[in-house]
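**Q** The structure that follows is given in the form of structure tokens.
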Amino acid sequence: MCTLQLADTVQCKNRPHLRGEYNVYSTFQSHEPEFDYLKSLEIEEKINKIRWLPQQNSAHFLLSTNDKTIKLWKISERDKRAEGYNLKDEDGRLRDPFRITSLRVPVLMPMDLMVEASPRRVFANAHTYHINSISVNSDHQTYLSADDLRINLWHLEITDRSFNIVDIKPANMEELTEVITAAECQPNQCNVFVYSSSKGTIRLCDMRAAALCDRHTKFFEEPEDPSSRSFFSEIISSISDVKFSHSGRYMMTRDYLSVKVWDLNMENRPVETYQVHEYLRSKLCSLYENDCIFDKFECCWNGSDSAIMTGSYNNFFRMFDRNTRKDITLEASRESSKPRGTLKPRKVSTGGKRKKDEISVDSLDFNKKILHTAWHPKENVIAVAATNNLYIFQDKIN
């Protein structure tokens with residue numbers, strides 16, 4: 001069983017809005033386990049991606065996907081109920097029409113707040129391989145879904161067909177050299193999107209150029225230093241996430257060891273590179289043996305595109321200020337996240353004499369990892385997911 005849990009700030013009628021206090025807003029079942037009888041494969045119910053749609057009215061809409069099926073959900077509130085029906089009693093039983101001697105006007109009465117989640121659309125049977133990305137377009141009418149070899153374009157109102165806009169599947173699968181790892185729509189131009197690959201490259205495509213975007217408009221790749229090439233080079237260069245800045249001028253990519261910021265007008269190298277956990281380079285052999293080297297870390301921008309955030313191991317997450325080039329490592333744990341508490345910077349010792357507040361790289365817990373991060377679009381509020389725990393932090397309140 002895979003459920004979605006939404007959080008909301010706590011607000012009481014007798015006191016003002018309290019920042020920093022959150023409660024569960026709604027929990028609902030998103031996907032059920034399925035079975036592909038043609039391929040004799042079980043489709044897990046786990047959710048791969050969640051994307052919010054821009055709010056158009058009082059209800060909220062989101063897209064959620066597992067490996068094969070995408071669903072559009074509507075989350076709405078109800079705090080009133082109708083009373084005073086003519087044809088039925090208050091308990092719902094139908095009344096005898098011959099006993100009705102007068103007409104009543106139904107009235108709306110207040111009731112306890114109830115949050116309802118209802119599936120509005122189900123988009124299925126369009127992906128042969130596991131879906132790794134969904135991205136809502138800036139026209140608010142279409143969205144992309146990507147798997148290892150193909151990218152499809154959907155209309156939110158049409159569930160029985162989609163358009164295949166990228167297909168990198170070779171005629172002979174033995175000639176396959178790379179797979180699609182992530183895809184993202186440009187936030188201001190509905191015809192532009194990018195997708196990243198396991199080879200560390202990013203392709204920008206324009207849907208105005210052709211119906212099938214197999215030929216990219218721009219190709220972003222950083223030349224590899226031959227002196228640093230190793231057995232693990234191709235694995236650690238695989239891009240796990242790509243995100244456009246809110247302005248649409250830049251895009252950010254995350255590989256295993258670093259975060260890179262690219263200017264869309266410069267394809268040959270990134271304009272900024274931030275090392276996330278360079279101290280793990282000497283541990284790549286053991287990380288390969290325990291499969292941690294294949295972990296997919298996400299990254300995100302703050303609302304003004306001046307800072308970026310991504311996760312690491314030992315429940316650490318890293319934040320980088322693009323203006324000052326300062327960075328900080330923080331830890332998400334129950335001990336360090338008490339209400340009104342202040343997070344203390346953490347440092348990792350790579351060798352030699354370890355200082356009092358430092359943690360040795362050999363002591364890092366690779367089972368504790370932060371793969372998913374999110375930044376509030378307008379405020380300094382962040383959310384990080386550490387295994388089955390969600391931590392929400394905000395800037396200090398005076």
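The values are calculated or read from the model by the stated rules, or taken from the named source; none is laboratory data. In this text the structure is predicted, and so the values were computed from the model without any measurement. Cβ atoms come from the backbone with ideal geometry, glycine included; neighbour counts cover every protein chain shown. Each accessible area value is taken on the protein alone, full model and side chains, heavy atoms only, with ligands, DNA and RNA left out. Shrake-Rupley method; radii C 1.70, N 1.55, O 1.52, S 1.80 Å.
**Q** I need the calculated FRET efficiency for the pair residue 50 and residue 79, taking r as the beta carbon distance and R₀ as 30 Å, to the nearest 0.05. Numbers along the way, then the final one.
**A** Values: r = 25 Å, r/R0 = 0.85.
Efficiency at R0 = 30 Å is approximately 0.75.
**Q** Let me ask you something else. Which value results when the Cα radius of gyration for the chain is divided by 2.2 N^0.38 Å?
**A** 1.15
**Q** Would you list which lysines come within 18 Å of residue 218, measuring only between C-alpha atoms, while excluding same-chain residues fewer than 8 positions from it?
**A** Within reach: 199, 243, 260.
**Q** So between residue 215 and residue 41, what do we pick up on full extension, going 0.36 nm a residue minus the alpha carbon distance? List each step's numbers first, then the result.
**A** Details: separation 174, 0.36 × 174 = 62.64 nm, distance 3.29 nm.
Result for the pair: 59.3 nm of gain on full extension.
**Q** Mind checking which lysines have their Cα closer than 24 Å to the Cα of residue 80? Skip sequence neighbours fewer than 8 apart in that chain.
**A** 13, 88
**Q** Same structure again: Assuming a ≥ b ≥ c are the square roots of the Cα gyration tensor eigenvalues, decide whether region 66-113 counts as rounded (a/c under 1.5), prolate (otherwise, with a/b larger than b/c) or oblate. Walk me through the numbers before you get to the answer.
**A** Numbers: a/c = 4.47, a/b = 2.30, b/c = 1.95.
Taking the square roots of the gyration eigenvalues as a ≥ b ≥ c, region 66-113 is prolate.
**Q** Please give the length that would be gained between residue 289 and residue 124 if that part of the chain were fully extended, namely 0.36 nm times their separation in residues minus their C-alpha to C-alpha distance (nm, one decimal).
**A** Stretched fully, the residue 289-residue 124 segment lengthens by 55.8 nm.
**Q** Just for the Cα atoms in region 152-217, what are the lengths along the principal axes, largest first, rounded to whole Å?
**A** 37, 27, 20
**Q** For region 109-173, divide the Cα radius of gyration by the Kirkwood radius and give the resulting Rg/Rh value with two decimals. Can you show the working numbers first?
**A** Values: Rg = 16.5 Å, Rh = 14.0 Å.
With Rh from the inverse mean 1/r over Cα pairs, Rg/Rh is 1.18.
**Q** Using R₀ = 25 Å, calculate the FRET efficiency as 1/(1 + (r/R₀)^6) where r is the Cβ-Cβ separation of residue 266 and residue 232; round to 0.05. Walk me through the numbers on the way to the answer.
**A** Details: r = 27 Å, r/R0 = 1.09.
According to the calculation, E is roughly 0.35.
**Q** Quote the accessible area belonging to residue 115 in square angstrom, nearest 10, computed with a 1.4 Å probe and with ligands, DNA and RNA left uncounted.
**A** Solvent-accessible area, nearest 10 Å²: 40 Å².
**Q** Mind ranking 279, 22, 274 by accessible surface for me, highest first, 1.4 Å probe?
**A** Numbers: 279 50, 22 85, 274 15 Å².
Result of the area sort, largest leading: 22, 279, 274.
**Q** Only sites in a loop by DSSP and with at most 11 other Cβ atoms within 10 Å count here; which GluC sites (Glu not before Pro) in region 192-295 make the cut? Provide the component values of the computation, followed by the final result.
**A** On the way: sites: 221, 224, 234, 267, 272, 278, 289; in loops: 221, 224, 267.
Within region 192-295, no GluC sites (Glu not before Pro) qualify (loop, at most 11 other Cβ atoms within 10 Å).
**Q** With every protein chain present, what is the per residue accessible area of region 198-308 (1.4 Å probe, Å²)?
**A** On a per-residue basis, 47 Å².
**Q** Right, here's the next one. When ligands, DNA and RNA are left out and all protein chains stay put, how many square angstrom of accessible area per residue does region 341-398 have with a 1.4 Å probe? Walk me through the numbers on the way to the answer.
**A** Numbers: 4200 Å² over 58 residues.
The answer is 72 Å² per residue.
**Q** Follow-up question, since we're still on this one. Can you spot the lysines whose alpha carbon is less than 19 Å from residue 369's alpha carbon? Ignore those fewer than 8 places along the same chain.
**A** Counting by Cα, and skipping residues close in sequence, residue 369 has these lysines nearby: 46, 49, 283, 296, 344, 347.
**Q** Rounded, prolate or oblate for region 192-334? Axes are the square roots of the Cα gyration tensor eigenvalues, ordered a ≥ b ≥ c, and the cut-off for rounded is a/c under 1.5. Could the numbers behind the result be given before it?
**A** Details: a/c = 1.90, a/b = 1.29, b/c = 1.48.
Here region 192-334 falls in the oblate category.
**Q** Write down the accessible area per residue of region 46-191 in Å², having rolled a 1.4 Å probe over the full set of protein chains. Could the numbers behind the result be given before it?
**A** On the way: 8560 Å² over 146 residues.
Here the residues of region 46-191 average 59 Å² of exposed surface.
**Q** Probe radius 1.4 Å, ligands and nucleic acids ignored: give me the carbon and sulfur share of the accessible area of the chain as a rounded percent. Spell out each step's value before the answer.
**A** On the way: 11450 of 23210 Å².
Answer for the chain is 49 percent, counting heavy atoms of protein chains only.
**Q** Taking every DSSP beta bridge with both residues inside the chain, roughly what % is antiparallel (nearest 5)? Intermediate values should be presented prior to the final figure.
**A** Working: 99 of 102 bridges.
Percent antiparallel among DSSP bridges in the chain is about 95.
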